[in-house]
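**Student:** If you scroll down you'll find the structure; I have some questions about it.
The values are calculated or read from the model by the stated rules, or taken from the named source; none is laboratory data. Since we're looking at a predicted model, the values are computed, not measured. Cβ: placed from backbone, ideal geometry, glycine included. Neighbour counts: every protein chain shown. Just the protein is used for accessible areas: all its heavy atoms, side chains included, with ligands, DNA and RNA removed. Shrake-Rupley method; radii C 1.70, N 1.55, O 1.52, S 1.80 Å.
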Amino acid sequence: MQFVLTGFTHDTGFRVFAFDRIGEDRVRTKCTVRTDLALVRTYGIHVQELPLLCRGLLDRSDESEEIKSLTFTEEEMRAWAKARDEAVTKRKAPHRPSGGHPSAAWRGQHP
């Protein structure tokens with residue numbers, strides 16, 4: 001199953017992404033994913049990230065059911081924002097040598 005972004009439209013506070021669903025038989029079916037732009041701002045999601053997040057939502061959907069229209073819900077946005085924030089906090093700051101001038105470590109010790 002593949003999903004190909006074909007465009008988007010605006011609908012009173014929502015951005016609606018259009019996708020073609022391509023099945024094993026290569027038949028294309030149109031489907032859409034709605035995103036609430038106010039919620040996107042609330043959870044700090046960049047508009048440029050939305051197409052990939054919507055495609056991820058489609059990828060996680062049940063392949064056996066016919067998908068016509070989905071909504072990227074507040075729950076999904078909250079979960080994504082939480083996972084993003086946890087990933088950021090796991091990154092450690094680069095280790096800096098203690099004492100002396102910060103560049104002394106790569107210049108070598110001088111008596």
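**Student:** Could you please tell me which pairs satisfy a Cβ distance under 9 Å, a separation of 6+ or placement on different chains, a first residue in the range 5-33 that is in contact (Cβ under 8 Å) with a residue 12 or more places away in the chain and within 14 Å of residue 71 (Cβ to Cβ), and a second residue that is small (Gly, Ala, Ser) and open to solvent by 40 Å² or more (accessible area, probe 1.4 Å)?
**Tutor:** Close Cβ pairs satisfying both conditions: 13/38; 16/69; 31/69; 32/69; 33/69.
**Student:** Tally the residues that are open to solvent by 80 Å² or more (accessible area, probe 1.4 Å) and at pLDDT 90 or above, restricting the search to the range 79-92.
**Tutor:** Counting residues in the range 79-92 that are open to solvent by 80 Å² or more (accessible area, probe 1.4 Å) and at pLDDT 90 or above gives 1.
**Student:** Filter the range 1-17 down to residues that are assigned to a strand (DSSP E or B), touching a Lys or Arg at 6+ places or on another chain (Cβ under 9 Å) and open to solvent by 30 Å² or more (accessible area, probe 1.4 Å), then give me how many there are.
**Tutor:** Number of matching residues: 9.
**Student:** State all residues of the range 30-44 that are of a type in the set (S, T, N, Q) and open to solvent by 30 Å² or more (accessible area, probe 1.4 Å); if no residue qualifies, say none.
**Tutor:** 32, 42
**Student:** Look at the range 34-64 and say how many of its residues are in a loop (DSSP other than H, G, I, E, B) and either free of Cβ contacts under 8 Å to residues at least 12 places away in the same chain or not aliphatic (A, V, I, L, M) (or both).
**Tutor:** 7
**Student:** Note down all Cβ pairs under 8 Å where the first residue falls in the range 66-78 and is loosely packed, with under 12 Cβ neighbours inside 10 Å, the second is aliphatic (A, V, I, L, M), and they're at least six residues apart or on different chains.
**Tutor:** Note: pairs meeting the criteria are 69/33.
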